[in-house]
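The values are calculated or read from the model by the stated rules, or taken from the named source; none is laboratory data. Owing to the predicted nature of the structure, the values given are computational and were not obtained by experimental measurement. Note that each Cβ is placed from the backbone with ideal geometry, even for glycine, and that neighbours are counted across all protein chains shown. The protein model used for the area step is the full one, side chains on, heavy atoms only, and it has no ligands, DNA or RNA in it. Shrake-Rupley method; radii C 1.70, N 1.55, O 1.52, S 1.80 Å.
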Amino acid sequence: MSAMENRARVMEMRSRVPRLLLVGVVILVLFLLGYLLLSSYREQIRKAENGTRNLAAILQTQFYDALRRTDADLAALASEIPPDALERTAVPQYQQQINSRLASRLINVDGMGGLHVHDANGGALYSSESVPARALNIADRDYFKSLRDDPSVQLVFSSVVRSGLSGKDVLVIARAIRNANGRFLGTVLSPFDIESYRAQLGSLNVGDYGFVALRRRDSHALVLRWPEMPEEVNKPLATDHALVAALAEGAMEAVVGNASGGEPDLADYVTSLKGVPNYPFYFVVGFDRQSVLAGWYSQVLVVCVVGLFVVGMVVVLLVRLGRMREREAVILSSLAHSEARFSDLVQVVPVGIARFDQGGKCAFVNDRNLLITGRTREALIGRDWSELVHPEDRQRVRESWIDSNGKQETCVGEYRLIRPNGETVHVIGEVRAEKDEDGAVTGYIVAQTDISPLKNVERELLIAKQQAELASQAKTRFLAAASHDLRQPIQAINLFKDALGRTGLNDEQEKIAHFLSLSVRSLSDLLYSLLDISKLDAGLIQPQMKKVEVEDVFKAVDEEFSSLAQQRNLRFKFSYPFRAPILQTDAGLLLSVLRNLLDNAFKYTSTGGVLVGFRRRGAFGVIQVWDTGIGIDPVFGERIFEECFQVANPARDRAKGLGIGLSIARRTARLLGGDVAYRSKPGKGSVFEIAIPLSHEAISLPTMEAGKGSSPPANIDYSRFTDWKVIVVEDDPVVAMSIRLSLQAVGMHVELFSSAEDAIASPLLLGGDFYISDFVLPGMNGIQLLDAIQSRSPVPIRAILMTGETASDRIRLTKASGWKILFKPAGLASLLSTMDDIDNANGMDAFVVPKEGEDVLD
């Protein structure tokens, strides 16, 4: 058989195979489209199930928290009310005390409709309401009878009833009051406002036909539902209802697909239920299937249209493929002789060589080119060069070929090829034009060298660099947010503590308040140190090395941990030379390391004591922490310095910490130029030591203090603040309450607003003597609020802008605002001192830095 006949058979086979492949591809595409539709349907149902399950879980968590707080308040009141106060004759004596106690607990739970105390006959004795309903008698109520007649019953929930006081639907939560002998003395109860929860359910997005319901687990009676079904309230479900079956075996949550009665036909809904732990209630959430699958129906229509289009395109491609194969046969015949001349020569060249005719069609390739392009010789011959080159590089390659037409030398360029599997290959191509005697271009010779390995290395390095930059940016954003959120509760604690100090404490209480101040300071230092460590990991800050006396460090540690040693009945001793050398270190970070070491020592020492000592070792000062605790087995070695690793805590008891203290201590010590090492004997104890570089200068330094409570400067006349009207805008309710109590303690009148919009809408806004605003508020921020108030006021206002932000861009923004700034956490002393400065200066051009005990991370 001649070569031409072999070529003819190959061409015939090649014309058949693509057709079969195209038909197979069509079948595969149609199968994939069907599979995608099925997967999409399942995904839509799964998302709906997750949505109902998550929404039910959120509602259950909120309702459980409200019930738990109300239950705790009722239990506390039941134990606190004296038995003789439940006699009607004793009401005048206890009325003011108990009513005040009831009213003080109303802030604990949203939706609590008041607190009431009834005697053993059901008569009302005390109430948190301003006008108690003394004529109200509940002796005929089922929940009262249950508490009175059954000594084993302590807490009951009524059915949904209409309140005689507020006229709203309520769920009464009642707890029995019994004496030491178990005799029933009365009950304390709270009407739980159902309508407030109905409004919350109404705000949820459950679609046009979805529903949310709250039911009792014991009777499956309806308590609350949205959309409302007033006629079904308090009605139980049938015993064969799907919800009843789902909860029959004590399940706390389930996904229900088919039921009827009481609720809509659940066969048309994706429904989930979630039980409230420890209480006889559960939530049911359902999404309408038609709404859930609306998008899927559109996908079905699109897929059908796409399928028809694909089939039509395949038919067109088959026709064009047949014609292309006919033209290819003619071309291959004319190029057979040229291929024979070049094939032997170019096979031994270590680069990919190809020849293209003047129209850009491939006429010849060597074996090396086949490896580079990832194609067979048959697949390359007759193919246009542009089909091999990446679309983005085609114009550059075309210009290089055109440029080679007018030159005798070779043109070199870098571009990308596309393999049949979609893989991209980077090459350096050299092209030279072939010309006839008249100078007309007859073809092109191309030599290609694969440089993909070099490009892959370059790409991996670039990706690694980008990932590192993104990780650094994400960590910076997290640290800024965490710093702000952690400062909020510390700000409240500082102000509550200062307000407590102005309430006329006795000696014992003042001592407790002093130790409370030390503890608050220690908490602040610990949180800031952890944030500093995280920032150091990110390379954002560096330690501030200063000269520090060992004695000052030990005094600070003694003040902080001596009370803990007394509480645990452990000895706590120090040992250091009379003239100890000076350390060259960051005092705050050094104290953070010692806190971690001492905290571990006290946690794992039950008898004996803890010793903190100092000794000199060459150019380093070594601080050692000895304990007589449980010791560390040598098998653990250096693993104790790994994050979240703990010895003798397999159950992960959080009272023993999180297992990150030693890891933080070692990283901090190394940052300070030292290290943390240890020696230990199981059952005998351990000694941890940190080596810190010594300073070459021995000078007297100011004493370091473990912590101070903030006390007002002695030169401020507090009588000047009396009857001042202060407008406070703070969205955190705890921080807002701490500011109110602190300022009221020095005689000021305080008006609170939770947002800038509420403040601007109030007629009391322009009547303030002073304005205090948080920088971060919902909606309008603090700067915009103060500017708005100033624009409305006919005179300059006196104001302070408080902020816990550490992000440099926001700090620059607050500084540029022109308002006086006070960084959180700030004590009452700092707040009053700043107000005094503003009042004396009668201006707004100063920038306030934190007072002692207040730290700002840059």
For region 502-549, what are the residues that are crowded, with 20+ Cβ neighbours inside 10 Å, out of contact with any helix residue (DSSP H, G or I) (no Cβ under 7 Å at 6 or more places or on another chain) and at pLDDT 75 or above? 549
With criteria (1) under 30 Å from residue 327 (Cβ atoms); (2) among the hydrophobic types (A, V, I, L, M, F, W, C); (3) without any contact (Cβ under 8 Å) to a residue 60 or more places away in the chain, residue 446 comes up short on (3)
Can you pull out every residue in region 815-836 that is open to solvent by 20 Å² or more (accessible area, probe 1.4 Å) and of a type in the set (A, V, I, L, M)? 816
Only one of these conditions is not met by residue 22: (1) surrounded by fewer than 19 Cβ atoms within 10 Å (Cβ to Cβ); (2) closer than 20 Å to residue 185 by Cβ; (3) aliphatic (A, V, I, L, M). Which number is it? (2)
Select from region 256-272 the residues that are outside any strand (DSSP E or B) and of a type in the set (Gly, Ala, Ser) and write down the one among them that is modelled with the highest pLDDT. 267
Taking first residues from region 79-100 that are open to solvent by less than 60 Å² (accessible area, probe 1.4 Å) and second residues anywhere that are not in a helix (DSSP H, G or I), the pairs with Cβ under 6 Å that are 6 or more apart or on different chains are 86/119; 86/185; 86/186; 91/125; 98/126; 99/126
Conditions (1) farther than 30 Å from residue 99 by Cα; (2) open to solvent by 20 Å² or more (accessible area, probe 1.4 Å); (3) touching a residue at least 40 places away in the same chain (Cβ under 8 Å); (4) among the aromatic types (Phe, Trp, Tyr): number failed by residue 197: (1)
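Restricting attention to region 601-617, which residues are in contact with a strand residue (DSSP E or B) (Cβ under 8 Å, 6 or more places away or on another chain), under 23 Å from residue 684 (Cα atoms) and not aromatic (Phe, Trp, Tyr)?
601, 605, 608, 609, 610, 611, 612, 613, 615
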Please verify whether region 168-175 includes one or more residues that are open to solvent by less than 30 Å² (accessible area, probe 1.4 Å), out of contact with any Lys or Arg (no Cβ under 9 Å at 6 or more places or on another chain) and farther than 16 Å from residue 234 by Cα. no
Given (1) within 33 Å of the chain's Cα centre (by Cα); (2) at pLDDT below 85, where does residue 700 come up short, assuming only one miss? (1)
Suppose we filter 591, 611 for residues that are open to solvent by 50 Å² or more (accessible area, probe 1.4 Å) and of a type outside the set (D, E, K, R); which single one remains? 611
Please find, within region 766-787, the residue that is least open to solvent (accessible area, probe 1.4 Å) out of those that are of a type in the set (A, V, I, L, M) and farther than 15 Å from residue 800 by Cα. 780
Starting from region 117-138, keep only residues that are at positive phi, then list their pairs with residues that are at pLDDT below 90 whose Cβ atoms are within a distance under 6 Å, requiring at least 6 positions of separation or different chains. 122/137; 122/138; 122/139
So if I check each of 637, 673, which one is in a loop (DSSP other than H, G, I, E, B), open to solvent by 10 Å² or more (accessible area, probe 1.4 Å) and either out of contact with any Gly (no Cβ under 9 Å at 6 or more places or on another chain) or at pLDDT 90 or above (or both)? 673
For region 282-307, give me each residue that is touching a residue at least 12 places away in the same chain (Cβ under 8 Å), surrounded by 12 or more Cβ atoms within 10 Å (Cβ to Cβ) and in a helix (DSSP H, G or I). 289, 290, 291, 292, 296, 299, 300, 303, 306, 307
Tell me whether region 567-586 contains one or more residues that are over 21 Å from residue 615 (Cβ atoms), free of Cβ contacts under 8 Å to residues at least 24 places away in the same chain, open to solvent by 10 Å² or more (accessible area, probe 1.4 Å) and touching a strand residue (DSSP E or B) at 6+ places or on another chain (Cβ under 9 Å). no
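Among the residues of region 273-297, which ones are out of contact with any helix residue (DSSP H, G or I) (no Cβ under 8 Å at 6 or more places or on another chain) and at pLDDT below 85?
291, 294, 297
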Find the residue count for region 759-795, including only residues that are over 18 Å from residue 817 (Cβ atoms) and touching a residue at least 12 places away in the same chain (Cβ under 8 Å). 7
